[in-house]
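A.B. asks: I'd like to ask you about the structure that follows.
What follows draws every value from the coordinates through simple rules; no lab data is involved. The structure displayed is predicted, hence computed values, not measured ones. Glycine gets a Cβ as well: all are built from the backbone with ideal geometry, and neighbour counts include every protein chain shown.
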Amino acid sequence: MSVILDNLPALLIAVPLFGAFLTPLFGRFLPKVRTPWAIFAVLASAAVAITTAIRVLISGPIVYVFGAGASAPAVLDSAGIPIRIIFTIDAFGAFMLLSAAIVSVAVMLYLAASQKRRSGKSAFYTLYLLLTAGIFGMVSTGDLFNFFVFLEINSLAAAALVSYHRKGGIAVEGAIKYAVVNTIGGLMVLAGIGLLYSQYDTLNMALIASQIAPNPVTITALVLFLAALAMKAGSVPFHFATPDAYSVAPSGVTALMIVASQAGLYGIFRILFTVYNGVFNTVTVGWVVIILGVLSMVIGVTMALPQKDVKRLLAYHAVSQTGYMLLGVGVALCVLHDAAALSAYGTTAMEGGLFHIFNHAMYKGLLFLAVGAVIYRTGVWSINKMGGLGHNMKWTMIFFLIGALAIAGIPPFNGFASKLMIYESTFAFNPVLAIIAMVVSILTLASFMKVFHSLFLGPKQPEYAEVKEAPKPMIAGMIILTVFVVVLGIFPDLFVNAVISPAADALLNSGTYLSAVLGGGL
Amino acid sequence: MIGLLSTGYGFWNPIVWLVVIAAALIVSFIILKAGRKDYSKDTEQVKPYLSGNDEPSASDTHVRGGNLYYGFTRALKGYYDKLIPLHTGILNDYIAWFLIGLVIIFVVVILI
């Protein structure tokens, strides 16, 4: 048992990869075992992730050096080049692991039913597990090149999954756009890593952080990281491929892609707060992040309102919600070097932004699963052709309504708690930003009432008279996410105190991260 | 106190909110139960009276999603006329937007 606990960071990647590589073998020789195996692999991966996260939240950061004994230094000087592959998981990484683990399990249960009659399941589940490994790796690694590798695994697995199951080439088109745009973003990240390596001869995040100084090269790298990872996160004006991909991907996949895109946000925040350690002009970069957030909120929601394709509409809302996260963390970044403002509202803004990441993964995942269940039963994407489905799909309707109220920031669901933290802290920083955020929430509510009405309300439509409720595994997936939407809404303080505050503290006080890796500094 | 979320400038307690909502629902239920007892579901009572005309079919009476918020999008026609065409669906344009955004951020961060 202690061997497993001692090697949890390695298992974070090994378990989903092992599951991925065995899935095609089961598909070839024991097809009946393939889906149960994929479910088992995802459950095992999630168990490793949750155990790792709990250990980090209880005992502090975990530094794991691949191929080295427990007493070996995390940073090894190898002929003048300090290179070691290490995982460094602090409270912020643990927070992201929790989010990814929960959504991956809920979606896998859902996919077990939604993919039942589909072909190509071996490759599908393999890619799903690879996507899970990519997300886990991105939020766990302490090495910049590793981060790039997991970013690529994440993007390519997601793009391949997008291409599944929509006829007429539309899914392939969405997948190609997503792949090309994310590959270019990945290359920009690689260029940024190259620039930092040229300056500091290392890829270790903590070691770079301990030496970094503002100069044209490091600032150029910072801009490359920021733009490329904002594109991964789906922020305006880098968002264009996001609705194209989300709207055509299988609905379960889209739910996990929300978390995959949030790994991009993780990258932005990790680089700004930990690797760069606040050595740049935090006010300017903070305002850049805020403006990206405001653009995402406003353009995302206003583009969602006129949409007729229900999944495209949800995709634009995903862009809009990303804006809230950027807004909260941007405010914290602006006041990073102002101790009074940071204490008064900056920390709350940071906590609100991070809490919203988790909440968004839960309620937007739930919304995509609920809408996917409707599409699964009706085969229709257009809200102009739906109606009255609440008569036949009561549970799906309830889950959708809970998700819709949560995303619109209606109490007592989780979206309200995180938005309230963002509103109040942002108002103290700049009231105009808070007002914009609140107006966007109102438009979000309007948009979701339109969708709710269009899908579920109204008299029973003759063409949907035979439609049945979604299969039980799909309902089970939705129940898991609903539980988090409701429980985090009713007891937000417990989660904020146990998970969010430590995560925000890990970002705001990067010294803990650095000392965990460097043992008190070089 | 469990459920009390401090926001720095105030607090939020969903449990208090739930108690208030529960009380409002109980009052609503009491008002509902005090209503007429001779209402019968699935009878002529529930059919709408449309000046003697036949009731339209279910598909004709449902307001479809595309009919909602027409006024909003119409009022913001100038905004939408500019915004929607930017989403061309052409990959080259997506890359161009990435480069434009990258350059703007670079200039802002370097100059300010």
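A.B. asks: In terms of the ratio Rg/(2.2 N^0.38 Å) built on C-alpha atoms, what value belongs to region A:249-290?
C.D. replies: 1.55
A.B. asks: Just want the answer: with Cβ charges of +1 for Lys and Arg and -1 for Asp and Glu, which residue in A:251, A:131, A:185 is farthest toward the dipole's positive end in the protein assembly as shown?
C.D. replies: Of the options given, the answer is A:251.
A.B. asks: Determine ³J(HN,Hα), in whole Hz, for all residues of region A:199-207 in sequence, where each value follows from phi through the Karplus function 6.51 cos²θ - 1.76 cosθ + 1.60 and θ = phi - 60°; x replaces Gly and Pro.
C.D. replies: Computed from phi, the couplings for region A:199-207 are 8, 10, 6, 8, 10, 6, 4, 5, 5 Hz.
A.B. asks: Kindly state, to the nearest 0.05, the FRET efficiency for residue A:472 paired with residue B:79, given R0 = 45 Å and r defined as their beta-carbon distance.
C.D. replies: It comes to 0.50.
A.B. asks: Put +1 on the Cβ of every Lys and Arg and -1 on every Asp and Glu Cβ in chain A; which of A:105, A:409, A:36 then has its Cα farthest towards the positive end of the dipole?
C.D. replies: Positive-end residue among those listed: A:36.
A.B. asks: Please compute the contact order of region A:281-490 in relative form: average sequence separation of alpha-carbon pairs under 8 Å and at least six residues apart, divided by the residue count, as a percent.
C.D. replies: Relative CO of region A:281-490 lands at 26 percent.
A.B. asks: Please report, in whole Å³, the volume per residue of the convex hull around the C-alpha atoms of region A:313-355.
C.D. replies: 44 Å³
A.B. asks: Considering every residue in B:82-94, what mean count of other chain Cβ atoms within 10 Å of its Cβ is obtained? List each step's numbers first, then the result.
C.D. replies: Values: counts 0, 5, 3, 0, 4, 7, 1, 7, 2, 8, 1, 1, 12.
So the per-residue partner count for this stretch is 4.
A.B. asks: Right, another one. Counting pairwise Cα distances across chain B, what percent come out greater than 19 angstrom? Can you show the working numbers first?
C.D. replies: On the way: 4931 of 6216 pairs.
Cα-Cα pairs of chain B separated by over 19 Å account for 79 percent.
A.B. asks: Taking the mean number of other Cβ atoms within 10 Å as a proxy for protection, how do you rank A:271-277, A:235-241 from highest to lowest? Intermediate results must be reported in sequence, preceding the final value.
C.D. replies: Details: A:271-277: 23.7, A:235-241: 26.7.
Per-residue Cβ counts within 10 Å, averaged per peptide and sorted highest first, yield A:235-241, A:271-277.
A.B. asks: Oh, and also: Just tell me how shielded A:454-462 is by partners: mean number of partner chain Cβ atoms within 10 Å of each residue's Cβ, no decimals.
C.D. replies: Going residue by residue through A:454-462 and averaging, the value is 4.
A.B. asks: A further question on this structure: Ranking A:364, B:77, B:41 by Cβ neighbours within 10 Å, fewest first, what do you get?
C.D. replies: B:41, B:77, A:364
A.B. asks: A further question on this structure: Using only the alpha-carbon atoms, how far is helix A:8-29 inclined from the longest principal axis of chain A? Give it as 0 to 90 degrees, nearest 10.
C.D. replies: For A:8-29 against chain A, the angle is about 40 degrees.
A.B. asks: Still on this model: For region A:159-284, what number results from the quotient of the Cα radius of gyration and 2.2 N^0.38 Å?
C.D. replies: Dividing the Cα Rg of region A:159-284 by 2.2 N^0.38 Å gives 1.20.
A.B. asks: Would you calculate a helix-derived [θ] at 222 nm for chain B, using -39,500 (n - 2.57) for each DSSP H run of n ≥ 4 and dividing by the full residue count, to the nearest 500?
C.D. replies: Helices in chain B give a 222 nm mean residue ellipticity of -17000 deg cm²/dmol.
A.B. asks: Please compute the average number of Cβ atoms from other chains found within 10 Å of each residue's Cβ in peptide A:425-434.
C.D. replies: 1
A.B. asks: In deg cm²/dmol, rounded to 500, what helix-only [θ] at 222 nm does chain A give when every DSSP H run of at least 4 residues adds -39500 (n - 2.57) and the total is split over its residues?
C.D. replies: Working: 21 runs with 373 residues, N = 522.
After summing the helix terms and dividing by residue count, I get -24000 deg cm²/dmol.
A.B. asks: By how many degrees, 0 to 90 and rounded to 10, does the Cα axis of helix B:14-33 deviate from the longest principal axis of chain B?
C.D. replies: Helix B:14-33 sits at roughly 30 degrees to that axis.
A.B. asks: When only Cα pairs under 8 Å and 6 or more residues apart are kept, what is the percent relative contact order across chain A?
C.D. replies: Normalised by residue count, the contact order of chain A is 16 percent.
A.B. asks: Further question: Just the number, please: Stokes-Einstein D of region A:281-490 in µm²/s, Kirkwood Rh from C-alpha pairs, 20 °C, 1.002 mPa s.
C.D. replies: 123 µm²/s
A.B. asks: Work from the charge dipole of the protein assembly as shown (Cβ charges, +1 for Lys and Arg, -1 for Asp and Glu, about the Cα centre) and give the residue of A:261, B:102, B:24 farthest towards its positive end.
C.D. replies: B:24
A.B. asks: Provide, for region A:366-522, the number of lysine pairs with alpha carbons under 29 Å apart, each pair being eight or more places apart or on different chains.
C.D. replies: 16
A.B. asks: Right, something else. Take the Cα atoms of the protein assembly as shown, build their convex hull, and give its volume per residue in Å³.
C.D. replies: Spread over its residues, the Cα hull of the protein assembly as shown gives 174 Å³ apiece.
A.B. asks: What's the exposure ranking of B:17, B:97, going from fewest to most Cβ atoms within 10 Å?
C.D. replies: Values: B:17 16, B:97 20.
So the residues, fewest neighbours to most, are B:17, B:97.
A.B. asks: While we're here: Suppose each label sits 7 Å from its Cα in the direction of the beta carbon; what would the residue A:198-residue A:180 distance come out to in nanometres?
C.D. replies: 2.8 nm
A.B. asks: Quick one: helix A:414-429 against the long Cα principal axis of chain A, what's the angle to the nearest 10°, folded into 0 to 90?
C.D. replies: 50 degrees
A.B. asks: Distances over 20 Å make up what percent of all Cα-Cα pairs in region A:104-239?
C.D. replies: Of all Cα-Cα pairs in region A:104-239, 53 percent lie more than 20 Å apart.
A.B. asks: Fully extended, how many nm does the chain gain between residue A:446 and residue A:32 (0.36 nm per residue separation, minus their Cα-Cα distance)? Intermediate results must be reported in sequence, preceding the final value.
C.D. replies: On the way: separation 414, 0.36 × 414 = 149.04 nm, distance 4.50 nm.
Additional length available on full extension: 144.5 nm.
A.B. asks: Also, I was wondering about something else. Radius of gyration and Dmax for region A:372-522's Cα atoms, expressed in Å?
C.D. replies: 20.7, 73
A.B. asks: Tell me, A:438, A:474, A:362 in order of fewest to most beta-carbon neighbours within 10 Å?
C.D. replies: Fewest-to-most ranking of A:438, A:474, A:362: A:438, A:474, A:362.
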